[in-house]
Structures are given as structure tokens and as C-alpha cells.
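Undergrad: One structure, as C-alpha cells, below. Some questions next.
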Amino acid sequence: VFNISGTVAETAPTTDRFLDGVTLSAGDKSIATDGAGRFTLSGFAAGSYGIRASKGGYEDQVITVTLPEDATKTIQFNLQPNFDFVTRERSGTIGQDNNPCHGGSLPCARYDFPAHYSEDVTATLLWSSSDAEFRLEMRCNGESVADQTQTEGGEVFRNGETYLSLELESQSDKGKICEVRVLHVSGPEQKYVLVVTHSN
């Protein structure tokens, strides 16, 4: 009698994110992963089995396992999140007293996100004073992908107020951690709003 054990996590770049509640099934046997993404299916005779991992919000994955020798077989599943676009909004205050981001020299605030797909990314920065200059930059795994500097952005009317805006359009790199950086180039400290749309 053989057992099949293993873990289930997401695909790169979040392979350290283990998933609970994933259903593992083979024939009439099934079990769900625990809080650490672990599972054990028990009671297999020698032979080949297709083990399916499924969870809402993710693509199913099937791994074929052959059990001729080992009493316990260990396997690793990595599930790809279903494709979707998400929009996130961040706000804060930035000025000359802020620390720079790694590898830069300008005061910086950043928004990080995992890229499971290579897709378009749009980042819009809003601020209120024409005396301030900002730069938007996007990096994936530390490498610059795109940047945009603008002293006087276009005007946006939002929540009863008028803001200056700066927009950056780029593309994420699949399997990498990407980030959008808000860089304060010059001028007074500013409250800002950053809106980023990217794939999950």
C-alpha cells in the first residue's frame, strides 16, 4: 500500500505562497490541503495515477505519479491563478525627507505586485501642487522597465478637487515581482494618490 504526499503553492513569483483548501483527487480518493498547503492521499496499490489539484480562482493541474517502489511518493503542485485585471489604490505623503528605494537616490514610495502573466500595467499618480515634480518608474526583479517624468501633469477632477496627474504605461514580466515607484524629484512635500491596474 502506497501514500502520495506533497504540497501545493502558487506559480512563480509566489512559490512561497502555500494554498489551503486545495482539493487533491485521484479516482475515488480525495483530500484537501491544510493551512500550510500539505496533503497526503493514502491507500494506493502499485501503478500509475493522475493526481488532480483544484481550487476556485486557480487553473487545475494534473501530475501523473507511478508507484512501483516507494511506500511514500512526494510531489509538488504549483497552481496558476486565473487571469484577471485588478486595480489598487495607494495614498501617502512624500517629500525630501523620505528614504530612496533600493538602487535609487530620489525620495521614493513603492507599490509591489507579483506578475503571474505578462500583461499591460497602467499607473496614474495624482498630486495637488504645481511646484512639485514627480517621476514614475516601473521595475521587475530590480530591472527598470519604464519611467516617466513630468513637471506639470494633466489635470484630473476627483472627489471635488483638481489634481495634477502623471501616467505610466508598461508591461509586467511573467514570473517576476514588479514594482511601481513614486519618485519625488523636487518641490514641497505632497500628499499623493497612486492608482495601479495590473494582472494578478
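The values are calculated or read from the model by the stated rules, or taken from the named source; none is laboratory data. This is a predicted model, so every value here is computed, not measured. Every residue, glycine among them, receives a Cβ derived from its backbone with ideal geometry; neighbour counts consider all protein chains shown. These accessible areas exclude ligands, DNA and RNA; they are computed on the full protein's heavy atoms, side chains included. Shrake-Rupley method; radii C 1.70, N 1.55, O 1.52, S 1.80 Å.
Undergrad: Within segment 119-132, restricting attention to residues that are closer than 14 Å to E179 by Cα and among the hydroxyl-bearing types (S, T, Y), which residue is surrounded by the fewest Cβ atoms within 10 Å (Cβ to Cβ)?
TA: The extreme case among them is T122.
Undergrad: Additional query: Would you pick out the residues in segment 167-200 that are in a loop (DSSP other than H, G, I, E, B) and either touching a residue at least 60 places away in the same chain (Cβ under 8 Å) or touching a His at 6+ places or on another chain (Cβ under 8 Å) (or both)?
TA: S172, K174, G175, P188, E189, N200 - these are the residues of segment 167-200 that are in a loop (DSSP other than H, G, I, E, B) and either touching a residue at least 60 places away in the same chain (Cβ under 8 Å) or touching a His at 6+ places or on another chain (Cβ under 8 Å) (or both).
Undergrad: Here is a follow-up. Could you say whether any residue in segment 86-102 is open to solvent by less than 60 Å² (accessible area, probe 1.4 Å), among the hydroxyl-bearing types (S, T, Y) and in contact (Cβ under 8 Å) with a residue 60 or more places away in the chain?
TA: No.
Undergrad: Restricting attention to segment 13-30, which residues are surrounded by fewer than 16 Cβ atoms within 10 Å (Cβ to Cβ) and either within 29 Å of D173 (Cα to Cα) or without any contact (Cβ under 8 Å) to a residue 12 or more places away in the chain (or both)?
TA: Listed by number, the residues that qualify are T15, D16, R17, D20, G21, D28, S30.
Undergrad: Which one of these is free of Cβ contacts under 8 Å to residues at least 60 places away in the same chain, among the basic types (K, R) and surrounded by 13 or more Cβ atoms within 10 Å (Cβ to Cβ): R110, R139?
TA: R139
Undergrad: Scanning segment 85-130 for residues that are acidic (D, E) and modelled with pLDDT of 95 or more, which turns out farthest from V193 (Cα to Cα)?
TA: In this case the residue turns out to be D112.
Undergrad: Among the residues of segment 54-80, write down those that are in contact (Cβ under 8 Å) with a residue 24 or more places away in the chain, within 21 Å of the chain's Cα centre (by Cα) and surrounded by 11 or more Cβ atoms within 10 Å (Cβ to Cβ).
TA: Selection gives S54, K55, Y58, Q76, F77, N78, L79, Q80.
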